[in-house]
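Working notes, beginning with the structure itself.
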Amino acid sequence: VRADAKRRNAPPADADLRPTLIAAVTLLFLLMSFLLTTTAGQRLGVLDLELAEEGDVAAVPSRGVLSNLELRVDGSDVQVRMAIATTDIAAASTARETRAYAVPAVSGRLDAGRLGAILAEAKAMDPSAESARIVPTDGTPAASVVAVLDTVRGTPGSPLFPRAELR
Amino acid sequence: MVDLLTVLLVFLLRSWSTEAAPAAPEPGFTLPVASSEAARRGGLEIVVSPEAVYLSGERIAATARATDSPVLRPLYDRVLALRDRARAEVYVDARVPWNALRTVLATAKAAGVDEVSLVAELR
C-alpha cells in the first residue's frame, strides 16, 4: 500500500519542472528585493568611551611593570610613552625607565600595524595592564582618534588596553 | 540560477545590517572605521558633522561653536530637558576635529548622560 501511495505522489517521469523552478527563482527575487529595501549595506558598531573630566587625576595606576601608558595623537602621527619598572615592583622605591616611540603616519594615514606591534610588546611585558591614556591634539580628525582608540583596545580575541581613556 | 540567487541571499543576510545609521545630515558624511563588534544599544542620537551638531535629527548648533568652548550650551539645554538621557550614541563625521568632538562628548556627560558611545563603521 505504501509503495502504491509513493508511486501515486511521485511526479511522472516526463513531468515539466520549469514551473517549479520559475516559482523558486521568483521567491528568491522577492526575498532579495525585500532584503535590499529593509537593510543597509553599512555595518555599524559602537566604542564605549571613558572620558576624563576637567581636573581629573590620571586614572592610569602607577603600580605594575608597565605604567603611565600615554599616546599623544597629532593628526595621524602618534607618540607613545610608557614607564617600565626596571627593578622589583614590590620594592619601596621602584626604578622606572621611560620609553618613547614615534609612530609617524604612512601615506597620511595612521600606521596601525606599527602602533599595534608596540602596544602588543608593552602588553607582553605586563599582561595585567589594562589602562591607557589617549591625548589627541585639538585639530586631530575624529577618524584618527577612533583608529587609535580601536588599536589601543585591541580585538575581543586579543585585547590590549580595553580601559583606554580619552583626554 | 537558483544556486546563484541563494548564494547572493546568504551574502546579503551576512553582510547587511537592519540597523541603519540616521540619515546623513549633509552630503559626504562619513563615519570613522573601527573593528569593534559591540552592538548598538540605542539612546539619544547625536550627529556631529563638519557643519553642525544635530540631536535626534534636529539641528542644534554650528560645529564651529563647539571648537572654542568647553560646553555647547544649546545642546546642553536640549539634552537636559529630555527625560530619558541615560545613553547616547554619537555619530561623528571622520573629518570633525577632536576639540569639537570633545566638547560634544563633554556636553553630553555634563547634561547627565551616563554612557556615551561613538558609532563607527565596521571594517
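Derivation of every value follows stated rules applied to the coordinates shown; laboratory data play no part. Nothing here was measured: the structure is a model prediction, and the numbers come from that model. Note that each Cβ is placed from the backbone with ideal geometry, even for glycine, and that neighbours are counted across all protein chains shown.
The modelled label-to-label distance for the pair B:Arg123/A:Ala23, using points 7 Å beyond Cα in the direction of Cβ, is 4.8 nm. In this structure, the amide hydrogen of A:Leu110, modeled 1.01 Å from its nitrogen in the peptide plane, lies closer than 5 angstrom to no residue at least 5 positions away or on a different chain. For segment B:76-111, trypsin sites (Lys or Arg not before Pro) are listed when DSSP marks them as loop and at most 12 other Cβ atoms sit within 10 Å of their Cβ; the list is B:Arg83.
With respect to chain B, whose longest principal axis is taken over its alpha-carbon atoms, helix B:2-15 is tilted by about 20°.
Can you give the mean number of other chain Cβ atoms that lie within 10 Å of the Cβ atoms in peptide B:92-104? Mind dumping the intermediate values first?
Working: counts 5, 3, 7, 3, 4, 8, 13, 5, 3, 7, 7, 0, 0.
Mean shielding by partner chains, rounded to a whole number: 5.
Around the Cα centre of the protein assembly as shown, unit charges on the Cβ atoms of Lys, Arg, Asp and Glu (plus for the first two, minus for the last two) sum to a dipole of about 700 debye. For the pair segment A:114-130 and segment B:49-108, the centres of their Cα atoms are 34 angstrom apart. FRET efficiency for the pair B:Arg95 and A:Asp77, taken as 1/(1 + (r/R0)^6) with r the Cβ-Cβ distance and R0 = 22 Å, rounds to 0.80. The local environment of A:Val145, defined by Cβ-Cβ distances under 14 Å, has a net charge of 0 under the rule Lys, Arg +1 and Asp, Glu -1.
Taking each residue of B:2-10 in turn, how many C-beta atoms of other protein chains fall within 10 Å of its C-beta, and what is the average? Mind dumping the intermediate values first?
Working: counts 5, 0, 2, 7, 3, 0, 4, 5, 0.
Average per residue, whole number: 3.
3J(HN,Hα) along segment B:89-101, derived from phi through the Karplus expression 6.51 cos²θ - 1.76 cosθ + 1.60 where θ = phi - 60°, amounts to 10, 9, 9, 10, 6, 4, 8, 5, x, 4, 5, 6, 5 Hz, with x in place of Gly and Pro.
Put a dot 7 Å past the Cα of A:Phe34, heading toward its Cβ, do the same for B:Leu82, and the two dots end up 3.3 nm apart. Amide H contacts under 5 Å for B:Val92: B:Val48, B:Val119, restricted to partners 5 or more places along the chain or on a different chain, H placed in the peptide plane at 1.01 Å from N.
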